[in-house]
Amino acid sequence: QVQLVESGGGLVQAGGSLRLSCAASGRTISSYTMAWFRQAPGKEREFVATVSWSGRNTYYVDAVKGRFTISGDNAKNTVYLQMNSLKPEDTAVYYCAAGRAVVRTLPGTYEYWGQGTQVTVSS
């Protein structure tokens, strides 16, 4: 089992920044792909970004490219999502996910999920 705990959400004005953290514990997760998804009210869960534990491979949804950065700290077993130039449409619950054999944008292919952290961007 892998446990994922997100933190760092909150309320921010448009144009502001937040950094989300996802602390992983349990089994060794060095072979897992880590990702961030988000879900706004009334919408389906949406892929945001993914990173391999080597840190060499990252991938973003077009809507956040150039504004969000995903990174991982192997020593701390933690993945981060730095979010800059936030927009009201970024408002959602953000979830951390881990999986081994994933189709990176498909939430159903990830094995483990955190509880989510709320991000609210006011205009």
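The values are calculated or read from the model by the stated rules, or taken from the named source; none is laboratory data. Quick caveat, the model's predicted, so the values are computed rather than measured. Cβ coordinates were reconstructed from backbone atoms using ideal geometry, including for glycine residues, and neighbour counts include every protein chain displayed. Heads up: the accessible areas ignore ligands, DNA and RNA and are worked out on the full protein's heavy atoms, side chains in. Shrake-Rupley method; radii C 1.70, N 1.55, O 1.52, S 1.80 Å.
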For K87, counting only aspartates and glutamates whose alpha-carbon sits under 18 Å away and dropping same-chain residues fewer than eight positions off, the answer is E46, D62
With all protein chains present, the chain has a carbon and sulfur share of its accessible area (1.4 Å probe) in percent of 47 percent
Percent antiparallel among DSSP beta bridges confined to the chain, rounded to 5, stands at 90 percent
Taking a crude spin-label model, label points 7 Å out from Cα along the C-beta direction, the T58 to Q39 distance in nm is 2.6 nm
At the level of C-alpha centres, the distance separating the range 96-123 and the range 29-78, in angstrom, is 8 Å
Taking a probe of 1.4 Å and leaving out DNA, RNA and ligands, the range 1-107 shows per residue an accessible area in Å² of 51 Å²
Once all protein chains are kept in place, L106 shows an accessible area at probe 1.4 Å, nearest 10 Å², of 80 Å²
proj_area_mean for the chain (convex hull on C-alpha atoms), units nm², value 6.8 nm²
Counting only backbone N atoms under 20 Å from a point 7 Å out along Cα-to-Cβ of A14, the residues of the range 74-89 in range are 83-89
